[in-house]
Amino acid sequence: MKVLIADDSKFQRQVLKNVIADGGYEVIEASTGEEAHEVLRSGDEIPICLLDWQMPELSGIDLAKMIRSKANTPYKYLILVTASGTQSHLQEGFSAGVDDFVRKPFDPCEVLARVRAGERIVKLESELRATAAALQFQADHDGLTKLLNRSAVMSGLEREFLRARRTHSELSIVLGDIDHFKGINDTYGHSEGDRVITSVASAIRDSIRPYDLAGRYGGEEFLIVLPGCSEIAATEKADRLKYLIQERNEDQTTVTMSFGVCDLRPEMITIHDLLCAADSLLYTAKRAGRNRVESRVPSVKNETLETNQRLAVVLEWHLHSRSESDREPLPPY
């Protein structure tokens, strides 16, 4: 564990360093409050700090206040080193966020004992943060797929919906449903059904951007929220995901998925309007034979496909023509 010693006296720093290093800690030194502040801002995790009260530029009290002003950061155990032990000084230090005091001249055994007490507090705080993070993950995520659960993904959609309306930015959603899932459960059992769901969830996780949202919307239904994404781009993403899911099929089970893709339109007042539009497109995909993506821009998608096919024909024509004299006429559009 790393310990920062901030003291403008080189002699005091050396004495403290010897005591603390002998206790098995890695010591980092700073000769001024400003230098100590820069060390702590560097990102290097230093959980215990011994701060001299009187230092150039920034005092130990000032530095303690700056450290405590930063929210949502790992806890730092602050020990103030001071020659004064008056009640008013102690009160000022504790009010600034200091955890403990060491008086000058200090006893080496006392210094090491207070540092070890700080280590116990820091480790306990770290365990509490880890436990809180694990509980929050359990509250927000589906136990089987590890994607967001319905409540969390709906909250995320509500947040992105309001942001898109406020900033006039694009927002699309993809609603997907595993095809013939009941048949998989009935034929191969629920354990195979669970494997299929986790496999689909893994494919979804691999296909989205870090700031996209994906959650288990129902039993075998999934919702993907794509901020800043047009309906054309979202349709292409869903199409790639459809093929990615097919590529992960195993010999025992053939898995396909149908998708409804919809973007936010001015007439949509609530997220219910957006979800209903995507749900209607999903059912269109189901009625049209499943294993397909349905959106409101099929003509644009078809035009893009035809253009790509046209370019491929032209490229092939150029590559296979041997010379200008025997080059065939360009294929008609």
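The values are calculated or read from the model by the stated rules, or taken from the named source; none is laboratory data. Nothing here was measured: the structure is a model prediction, and the numbers come from that model. Using ideal geometry, Cβ is built from the backbone for each residue, glycine included, and neighbour counts are taken over all protein chains shown.
Can you pull out the residues in the stretch 139-152 that are at negative phi and either touching a His at 6+ places or on another chain (Cβ under 8 Å) or surrounded by 11 or more Cβ atoms within 10 Å (Cβ to Cβ) (or both)?
Answer for the stretch 139-152, where residues must be at negative phi and either touching a His at 6+ places or on another chain (Cβ under 8 Å) or surrounded by 11 or more Cβ atoms within 10 Å (Cβ to Cβ) (or both): Asp140, His141, Asp142, Leu144, Thr145, Leu147, Leu148, Asn149, Arg150, Ser151, Ala152.
Looking only at the stretch 98-118, count how many residues are without any contact (Cβ under 8 Å) to a residue 12 or more places away in the chain and either over 16 Å from Ala21 (Cβ atoms) or not hydrophobic (A, V, I, L, M, F, W, C) (or both).
Number satisfying all stated conditions: 3.
In the stretch 153-172, what count of residues is obtained for those that are of a type in the set (A, V, I, L, M) and surrounded by fewer than 18 Cβ atoms within 10 Å (Cβ to Cβ)?
Going through the stretch 153-172 one residue at a time, the tally reaches 1.
Are any of the residues in the stretch 125-139 touching a strand residue (DSSP E or B) at 6+ places or on another chain (Cβ under 6 Å) and assigned by TED's automatic domain parsing to the domain that holds Tyr25?
No.
Could you give me the residue pairs with C-beta distances under 6 Å whose first residue belongs to the stretch 1-27 and is in the same structural domain as Leu63 (by TED's automatic domain parsing) and of a type outside the set (A, V, I, L, M), whose second residue is loosely packed, with under 13 Cβ neighbours inside 10 Å and modelled with pLDDT under 90 wherever it lies, and which are 6+ apart or on separate chains?
As it stands, the answer is Asp8/Pro56, since those pairs meet every condition given.
Run Gly93 past the list (1) in a helix (DSSP H, G or I); (2) modelled with pLDDT of 90 or more and report the number of the one that doesn't hold.
(2)
If Gly218 passes every condition in (1) part of a loop (DSSP other than H, G, I, E, B); (2) small (Gly, Ala, Ser); (3) touching a strand residue (DSSP E or B) at 6+ places or on another chain (Cβ under 6 Å) but one, which one does it miss?
(3)
Hey, can you tell me all the residues within the stretch 142-186 that are under 19 Å from Asn249 (Cβ atoms) and without any contact (Cβ under 8 Å) to a residue 40 or more places away in the chain?
Phe181, Lys182, Gly183, Asn185, Asp186
Can you tell me how many residues within the stretch 204-221 are buried (at least 22 other Cβ atoms within 10 Å of the Cβ) and either farther than 16 Å from His141 by Cα or touching an Asp or Glu at 6+ places or on another chain (Cβ under 6 Å) (or both)?
1
Of everything in the stretch 119-164, what is under 26 Å from His272 (Cα atoms), part of a helix (DSSP H, G or I), of a type in the set (D, E, K, R) and out of contact with any helix residue (DSSP H, G or I) (no Cβ under 6 Å at 6 or more places or on another chain)? Give them in sequence order.
Result: Arg150, Arg159, Glu160, Arg163.
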